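Enquirer: Take this structure, written in structure tokens, and hold onto it; I'll ask about it next.
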Amino acid sequence: MKIVKTEYIVVCDAGFSVLKDRAVAFSTKIEKIAPFYELKAEYPDAEQFEFGKGSVLMPGLINLHTHLEYSANLSTLVYGDFIDWLQSVITHRDTLADSCSEVCIDDALKSMLKSGTTTIGAISSFGKDLKSCAKSQMNVIYFNEVLGSAPNAVDAMYMDFLDRYEKSKEYESERFIPAIAVHAPYSTHRVLVNKVLAFAKEEGAFISTHFMESRYEREWLDNGGGRFGEFLKRFNPHAAPVNEPIEYLELFEGVKTLFVHGCYANDKELDLMERIGMIAHSPRSNRLLGNRRLEIEMLKNFALVTDGLSSNYSLSLWDEMRAAIMLHQKAPLPKLFKSLLLASTHYPAKLYKLNKGSVEVGKDSDLAVYHFDDIDEKNLAQTLLLHANEPKTLYIAGQEVKVLLL
Ligand SMILES: [Zn+2]
């Protein structure tokens, strides 16, 4: 048992509560929140940590969408336009994947821990990140990705997916959850989507899919034309859309799904995605790939994600929150600060019913302590958003992660 006392606790519950002069007693789960003296009397054998003035305790951050296998990218991929970027990914996919060794993936995971992230969703295309994710201190939802638009390749692609999924199941634990990602409606044949989703339902697996990231995807799925058409027809002259947008979304009914991007989704699609699951928003990736701003003001809530280093320059959710402030320039700031913090903690936890994402009794003890030289209770969310980078101390399931040694 440990007792941590900070000046403030930013709970990250739906009402964005802040507690002052309270301490938290925890083992793997949070046992009690009360004044420090009370907890010291109740748990006399607990290790005690008293952080002084300017200290803030909050839940570890949750980043449900990243692509670790592309972490070697610094300047290889072309930014500015989605199709140009996709072309550069296809050209350099193998070299990039080969140049990201286990050490490179370990470093990416460490950088996330260092920025206070305690749970991630890792989209795995090849299974190269499996060992790093399984042995990391991080909580990992490991999304084995499936794709394939050619009808005659459906069985082979499904078998390849199943093989990777079964391998990931060997590492299943409280901290490592095998899951499933369907790549996108333009790349995954309806028959394959159906097959994988039937399997996901049997397994009770978490699901994620990209949807309407670029205007080219919109044009292609709506009328089979545009630059996506030209691009895909280079691989297959008879290429035609393999899904209709609304029908594609309806396939996910009954499975809690994270829909990633949605920048070009229409109102009906946004409503449907919010009813089935939740939308993931990655402002920096969208901007770098030339995609328009997701209208977050239209959403009930969303999960903030960094995407991978294939379309970003860091995997820090603090950097992502700061970019979001600049991208959503018309959003009233105090409200945006809070909603971005909840989009990095409480909301993503809620989607998959993870017992995480807020500092409340009974929740997993994934906690981060930050320190600021000057802090004002009225501006706590603002201070965190603008100045938080690395926590002083980080706990996952009650165990300290030596952040400074990473
Ligand atoms: Zn992605």
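The values are calculated or read from the model by the stated rules, or taken from the named source; none is laboratory data. Source: prediction; values computed, not measured. Cβ coordinates were reconstructed from backbone atoms using ideal geometry, including for glycine residues, and neighbour counts include every protein chain displayed. Calculation scope for accessible area: heavy atoms of the full protein, side chains included, ligands and nucleic acids excluded. Shrake-Rupley method; radii C 1.70, N 1.55, O 1.52, S 1.80 Å.
Enquirer: Rank-order 74-80, 25-31 by packing density, defined as the average count of other C-beta atoms within 10 Å over each peptide's residues, highest first.
Expert: 25-31, 74-80
Enquirer: Strictly over 20 Å apart at the Cα level, which of LYS53/LYS392; LYS114/LYS350; LYS300/LYS350; LYS29/LYS350 would you flag in this model?
Expert: With Cα atoms farther than 20 Å apart: LYS114/LYS350.
Enquirer: Next question. Grab the DSSP H runs of the chain that are 4 residues or longer, score each as -39,500 (n - 2.57), total them, divide by all residues and round the 222 nm result to the nearest 500 deg cm²/dmol.
Expert: Per the formula, -10500 deg cm²/dmol.
Enquirer: How would the range 54-181 be classified by its alpha-carbon gyration tensor: rounded, prolate or oblate, with rounded meaning a/c under 1.5 and the a/b versus b/c comparison settling the rest?
Expert: Oblate, since a/c reaches 1.5 and b/c is not below a/b.
Enquirer: Just check the range 32-109 against the gyration tensor rule for me: Cα atoms, a ≥ b ≥ c as the square roots of the eigenvalues, rounded for a/c under 1.5, and otherwise prolate or oblate depending on whether a/b exceeds b/c.
Expert: Verdict is prolate for the range 32-109.
Enquirer: Additional query: After finding the eigenvalues of the alpha carbon gyration tensor for the chain, what semi-axes result from the square roots of 5 times each, listed largest first in whole Å?
Expert: Output for the chain: semi-axes of 38, 22, 19 Å.
Enquirer: If you take every residue apart from SER285 with its C-beta less than 14 Å away from the C-beta of SER285, what net charge results, scoring Lys and Arg +1 and Asp and Glu -1?
Expert: -1
Enquirer: Would you please put 310-317, 255-262 in order of how densely packed they are, using the mean number of other Cβ atoms within 10 angstrom per residue and starting with the highest?
Expert: Top to bottom by mean Cβ count within 10 Å: 255-262, 310-317.
Enquirer: Which order do the peptides 35-41, 120-126 come out in when sorted by mean C-beta neighbours inside 10 angstrom, highest first?
Expert: Put in order of decreasing packing, that is 120-126, 35-41.
Enquirer: Can you work out the Karplus-derived ³J(HN,Hα) for every residue in the range 329-336? Use 6.51 cos²θ - 1.76 cosθ + 1.60 with θ = phi - 60°, whole Hz, and x for glycine or proline.
Expert: My calculation for the range 329-336 gives 6, 8, 6, x, 4, x, 5, 5 Hz in order.
Enquirer: Could you work out how far apart the two model spin labels at THR91 and LYS335 are, taking each label as a point 7 Å from the Cα in the direction of the beta carbon, and quote it in nm?
Expert: 4.4 nm
Enquirer: Is the C-alpha gyration tensor of the range 320-406 telling us rounded, prolate or oblate? Criteria: a/c under 1.5 is rounded; beyond that, a/b larger than b/c is prolate, otherwise oblate.
Expert: oblate
Enquirer: In the chain, carbon and sulfur make up what percent of the accessible area (probe 1.4 Å)?
Expert: 51 percent
Enquirer: Here's a follow-up. Give the distance, in whole Å, between the Cα centre of the range 264-294 and the Cα centre of the range 1-27.
Expert: Each part's Cα centre sits 33 Å from the other's.
Enquirer: Which percentage, to the nearest 5, of the DSSP beta bridges contained in the chain is antiparallel?
Expert: Beta bridges within the chain, antiparallel portion: roughly 40 percent.
Enquirer: Roll a 1.4 Å probe over the protein chains and send me the accessible area per residue for the range 61-351 in Å².
Expert: 39 Å²
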